[in-house]
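I have placed the structure first, in the form of structure tokens, so that the comments after it can refer back to it.
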Amino acid sequence: MNKTKTIVLKLVAFAIVLIIIISLLIFTRSPDKQQNTQTQSEIAHFYQGKTIRFLVPSQPGGGFDAYARLLVPYIEKYTGATVMILNLPGAGGMRSTNELFNSPNDGLSIAIIGGSSMILNKLAGIKGADYEINEIDYLGRIVVDSRVLFIANQSGYHDFNDIINTNTTVKIGATGLGGNGYVDAVISKEAFNLNVEIIHGFDTLAGVTQSIKRGNLDGGWGPWGSVKSIINSGTEIAILQSGENRNPDIPNIPTVHEFIKNSHNPDKTDEILSAWNAFNEVGRFLAAPPGTPVDKLEFLRNAFSKAIDDPAFLADIKRVDLSVQYANAQDTLDIIKQSMKMNPDINELFMRALRGEL
């Protein structure tokens, strides 16, 4: 009997100790949770009445600008701040990225950035790429937009095979050295050994299309979100899109991968296009300056996520015939890191092409 009582007493004592430990854990954790709640409340209060600069690497009316202006009301809704768009076209997006990188890290500056050009410009050491990829604070990706080659109706080229097989130099326009359209033109040229002259230096895609209409260029590359309005004008046709699979929005336009068998070196072409696809997968994303305080950064990330999920925003996107492929901040960073993994031969090819050495 005494032995039974002893066992019971030990069990009771153990239970009491366990309850005390659990209580201490709850007590020590509660202030942290309370502090986090207070911090988020203080941050929300901080943004009330403030103005957030939203940097856009294109003139008003472009694809980047369209996404930014659609987002503005919803970022305002979920931050409580006023959002002011600042269009900074030039240098293939580097001007805007540099501005973000050197902005105060007070949580009041964000930018929409084209991922592939940001990465490749830096890796190639393009003059003017005065930012560090691993120091930028990412908010998340908004879209992966298929890249499209469009050609003037009067150019005489009716499909991509015409360009592969021509002995005449095809003139392709692009924005600044290292810009998205320039990257597209260079990589497709190298992958298929095309007889292409790339004429770069245009401030915007609109400048490229104007030159095409004047007969000075045969075509150009651009994101489908921007190119569709060009195609709808009736003076150009889309003949090729990036990626392994056709974008459901443009099922009648073949992908570059469908022409690998027509190249001089299919294995090398496949490797080049796979690396190009990885860069394109980065898409367009939102970011903040390096060193943005963690609490404000998380607040902005949450606001962006809520904006993307807002049914009214999605309805606005659908109304203007755009699309969304959201990825959170960590996934966006992982995609960026993955895109930078290339074997040395392909890496050197990309770098030389971007530096204008090919």
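The values are calculated or read from the model by the stated rules, or taken from the named source; none is laboratory data. Keep in mind that what you see is a predicted model, and the values were worked out from it rather than measured. Cβ: placed from backbone, ideal geometry, glycine included. Neighbour counts: every protein chain shown.
Condition test on Glu42, is it modelled with pLDDT of 95 or more, in a helix (DSSP H, G or I) and of a type in the set (D, E, K, R)?
So Glu42 fails the test.
Please indicate, with yes or no, whether at least one residue in the range 128-146 is among the hydrophobic types (A, V, I, L, M, F, W, C), part of a strand (DSSP E or B), under 24 Å from Lys296 (Cβ atoms) and in contact with a Ser or Thr (Cβ under 9 Å, 6 or more places away or on another chain).
Yes: the range 128-146 contains one or more residues that are among the hydrophobic types (A, V, I, L, M, F, W, C), part of a strand (DSSP E or B), under 24 Å from Lys296 (Cβ atoms) and in contact with a Ser or Thr (Cβ under 9 Å, 6 or more places away or on another chain).
Might you check whether a residue that is of a type in the set (Gly, Ala, Ser), part of a helix (DSSP H, G or I) and at pLDDT below 95 occurs anywhere in the range 68-88?
For the range 68-88, residues of a type in the set (Gly, Ala, Ser), part of a helix (DSSP H, G or I) and at pLDDT below 95: absent.
Quick check: anything in the range 318-326 surrounded by fewer than 17 Cβ atoms within 10 Å (Cβ to Cβ), in contact with a helix residue (DSSP H, G or I) (Cβ under 9 Å, 6 or more places away or on another chain), assigned by TED's automatic domain parsing to the domain that holds Thr204 and over 29 Å from Ala152 (Cβ atoms)?
Within the range 318-326, none of the residues are surrounded by fewer than 17 Cβ atoms within 10 Å (Cβ to Cβ), in contact with a helix residue (DSSP H, G or I) (Cβ under 9 Å, 6 or more places away or on another chain), assigned by TED's automatic domain parsing to the domain that holds Thr204 and over 29 Å from Ala152 (Cβ atoms).
For the range 328-350, give me each residue that is touching a Lys or Arg at 6+ places or on another chain (Cβ under 8 Å) and either crowded, with 20+ Cβ neighbours inside 10 Å or of a type in the set (Val, Ile, Thr) (or both).
Listed by number, the residues that qualify are Ala329, Thr332, Ile335.
Surrounded by fewer than 18 Cβ atoms within 10 Å (Cβ to Cβ) and either within 19 Å of Pro73 (Cα to Cα) or out of contact with any helix residue (DSSP H, G or I) (no Cβ under 8 Å at 6 or more places or on another chain) (or both): does that describe Arg246?
yes
Residues checked against (1) closer than 26 Å to Gly201 by Cα; (2) hydroxyl-bearing (Ser, Thr, Tyr); (3) at pLDDT 95 or above:
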site	(1), (2), (3)
Ala278	yes, no, no
Ala287	yes, no, yes
Thr292	no, yes, yes
Asn302	no, no, yes
Ile308	no, no, yes
Val320	no, no, no
Lys341	no, no, no
Asn347	yes, no, no
Arg355	yes, no, no
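Could you identify the single residue in Ala303, Ala287, Ala307, Ala278 that is of a type outside the set (Phe, Trp, Tyr), in a helix (DSSP H, G or I), in contact (Cβ under 8 Å) with a residue 40 or more places away in the chain and under 26 Å from Gly181 (Cβ atoms)? Write out each step before concluding.
Details: Ala303 fails: under 26 Å from Gly181 (Cβ atoms); Ala287 fails: in a helix (DSSP H, G or I); Ala307 fails: under 26 Å from Gly181 (Cβ atoms).
Criteria check complete, one pass: Ala278.
Taking the options Ser305, Ser226, Ser242, name whichever one is closer than 27 Å to Ala124 by Cα, hydroxyl-bearing (Ser, Thr, Tyr) and touching a strand residue (DSSP E or B) at 6+ places or on another chain (Cβ under 8 Å).
One residue alone meets the criteria, Ser242.
Just a yes or no: is a residue in the range 92-108 of a type in the set (Ser, Thr, Tyr), surrounded by 20 or more Cβ atoms within 10 Å (Cβ to Cβ), at pLDDT 95 or above and part of a helix (DSSP H, G or I)?
Checked against the condition, which is being of a type in the set (Ser, Thr, Tyr), surrounded by 20 or more Cβ atoms within 10 Å (Cβ to Cβ), at pLDDT 95 or above and part of a helix (DSSP H, G or I), the range 92-108 yields at least one hit.
Restricting the range 322-335 to residues that are farther than 18 Å from Gly62 by Cβ and assigned to a loop (DSSP other than H, G, I, E, B), which is modelled with the lowest pLDDT?
Gln325
Among what's in the range 200-220 and is at pLDDT below 90 and aliphatic (A, V, I, L, M), pick the residue that is surrounded by the fewest Cβ atoms within 10 Å (Cβ to Cβ).
Ala206
Given the conditions (1) in a strand (DSSP E or B); (2) exposed (fewer than 15 other Cβ atoms within 10 Å of the Cβ); (3) among the β-branched types (Val, Ile, Thr), and given that Thr168 satisfies all but one, which numbered condition is not satisfied?
The one condition Thr168 does not meet is (1).
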